[in-house]
Amino acid sequence: MLRTLLALLLVLSTGSTVFAEPKIVGLPSQFTLAGPKSFQRVVVQRVTNGAAAGQVRSGVEFASSDTKVVVIENGIALPKGNGEAIVTVKADG
């Protein structure tokens, strides 16, 4: 039986300047997938003046630093093998 263990850090980037409001955050910011049937939904949230301002649903792109470890399909992280990877999220400004 394949046992997959991942520790992932969600890193965000936007099309706008780094210090501009509103900004986006990915939730959860870190997660572990254990086993081949595990998964984690990744939610992208807009934050304005330190408060949640709503989920970003369109214009979101996900990328994995190692697709042999994890892939993202429709906002869901799926394990592919053992290891660690960084999941990057890009959302339109």
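What to note about this one:
- Sequence-distant contacts, meaning Cα pairs under 8 Å at least 6 residues apart, place the relative contact order of region 26-91 at 32 percent.
- Under 19 Å from Lys80, Cα to Cα: lysines that are on another chain or at least 8 residues apart: Lys37, Lys68
- Ignoring lysines fewer than eight residues from Lys23 along the same chain, the ones with Cα atoms less than 22 angstrom from its Cα are Lys90.
- Accessible-area rank, largest first, for Glu84, Glu61: Glu84, Glu61, with all protein chains present and a 1.4 angstrom probe.
- In this view, the solvent-accessible surface of Leu78, computed with a 1.4 Å probe and all protein chains in place, comes to about 50 Å².
The values are calculated or read from the model by the stated rules, or taken from the named source; none is laboratory data. None of the values given here were measured: they were computed from a predicted structure. For accessibility, only protein heavy atoms count, side chains too; no ligands or nucleic acids. Shrake-Rupley method; radii C 1.70, N 1.55, O 1.52, S 1.80 Å.
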